[in-house]
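The values are calculated or read from the model by the stated rules, or taken from the named source; none is laboratory data. Computed from a prediction, not measured in an experiment: that's the story for all the values here. A quick note on method: Cβ atoms are made from the backbone with ideal geometry, for glycine too, and the neighbour counts reach across all protein chains shown. Remember, those area values only see protein heavy atoms, side chains included, never the ligands or the DNA or RNA. Shrake-Rupley method; radii C 1.70, N 1.55, O 1.52, S 1.80 Å.
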Amino acid sequence: MSVDAPSLLRWYAAQARDLPWRRDGVTGWQILMSEVMLQQTPVARVAPIWEEWVRRWPVPSAMAASSQAEVLRAWGKLGYPRRALRLHECAGVLAAEHDDRVPEDVDVLLTLPGVGAYTARAVACFAYVQRVPVVDTNVRRVVARAVHGRAEPGNPSTTRDLADVEAILPRQRARAATFSAALMELGATVCTARTPDCGRCPLPECAWVQAGRPAHDGPPRKVQKFAGTDRQVRGRLMAVLRESSVPVERPVLDSVWTTDPGQRDRALHSLLVDGLVEQTDDGRFALAGEGSTS
């Protein structure tokens, strides 16, 4: 079974969310910023920060001219701040080696810092209307259900997942690019993981529905928790450093997580290893690039 492209495209034209990075005039660089921000982060949290970044850093050279600490502060609470550092590094490469423009070719995109298989194809597709398969969690889920009749897609396989989506892409480039966006939108808003709304689905045929919506027969999906994790501790430590214009003393950081000093020390060490935090000669702590500040 395949995915009925005309039905999906009609639905997308009528129902697609008005997301700022989908509007006319958005550049490849601005699409790249949105894709990096959207990794494991909800749209509602990303949109206002992305719009601020577009105003502040409309081209890669503008970001490259800013410090790592400025970019980390602007990243705020989006989570996984290493993404911000990698994007800053990527901006420098784009400014120095690519005439301040994000390249169109997937293979060239893959050479950029912080750009992986998904991001490279997403930029090529959504910024430059390339006919390339774009596979995220939402797309994998829609294909698993509509094409293969499974409730869940199972473990990712880059080769298999790309081949699955390649097989259902329309041949015409612009149509294929819109189809990719529509497939992703369907998974994000209708064919969701926990509560798929099959009554709203625009697809006239779905192998999973036709099979009686069988339950997932594999191990249950792991639910990511946040409270009490090292990620939460790292976030609190980073918040202190973002809000300070000067390096801070160790006791200030110690005070943000007193329930488990060992976990706090581990989180701080990981921030230093990741290059997000620096330690000054006198033992204080600062955001990347500000460790030499007196």
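Some observations on this one:
- Some residue of the stretch 173-191 being open to solvent by 100 Å² or more (accessible area, probe 1.4 Å), more than 26 Å from the chain's Cα centre (by Cα), of a type in the set (D, E, K, R) and over 30 Å from Ala267 (Cβ atoms): no
- Condition check for Val123 on (1) surrounded by fewer than 19 Cβ atoms within 10 Å (Cβ to Cβ); (2) in contact with a Gly (Cβ under 9 Å, 6 or more places away or on another chain); (3) closer than 30 Å to His98 by Cα: one failure, at (1).
- Sole exception among (1) acidic (Asp, Glu); (2) open to solvent by less than 60 Å² (accessible area, probe 1.4 Å); (3) farther than 30 Å from Val240 by Cα; (4) assigned to a helix (DSSP H, G or I) for Asp107, by number: (2)
- The combined condition, being under 24 Å from Asp4 (Cα atoms), open to solvent by less than 60 Å² (accessible area, probe 1.4 Å), of a type outside the set (Asp, Glu) and assigned to a loop (DSSP other than H, G, I, E, B), is fulfilled by Gly154.
- The stretch 256-267, subset part of a loop (DSSP other than H, G, I, E, B) and surrounded by fewer than 12 Cβ atoms within 10 Å (Cβ to Cβ), residue modelled with the lowest pLDDT: Thr259
- Total residues in the stretch 63-75, condition open to solvent by less than 20 Å² (accessible area, probe 1.4 Å) and either of a type in the set (Phe, Trp, Tyr) or in contact (Cβ under 8 Å) with a residue 60 or more places away in the chain (or both): 3
- Close pairs (6 angstrom Cβ cut-off, 6 or more residues apart or separate chains): farther than 19 Å from Gly187 by Cα in the stretch 28-56, open to solvent by less than 70 Å² (accessible area, probe 1.4 Å) and of a type in the set (Ser, Thr, Tyr) anywhere: Trp50/Ser34
- Exclusive hit being in contact with a Cys (Cβ under 6 Å, 6 or more places away or on another chain), surrounded by 18 or more Cβ atoms within 10 Å (Cβ to Cβ), of a type outside the set (D, E, K, R) and assigned to a helix (DSSP H, G or I), set Val142, Val134: Val142
- Among the residues of this structure, Ala207 counts as one that is open to solvent by less than 30 Å² (accessible area, probe 1.4 Å) and within 16 Å of Val3 (Cβ to Cβ).
- Positions within the stretch 220-255 being assigned to a helix (DSSP H, G or I), more than 22 Å from the chain's Cα centre (by Cα) and closer than 21 Å to Arg82 by Cα, in sequence order: Leu237, Val240, Leu241, Leu253
- Test: residue in the stretch 276-285 that is open to solvent by less than 60 Å² (accessible area, probe 1.4 Å), in contact with a strand residue (DSSP E or B) (Cβ under 7 Å, 6 or more places away or on another chain) and of a type in the set (Phe, Trp, Tyr): yes
- Per the listing His88, His148, His98, the residue uniquely surrounded by fewer than 23 Cβ atoms within 10 Å (Cβ to Cβ) and closer than 19 Å to Pro58 by Cβ is His98.
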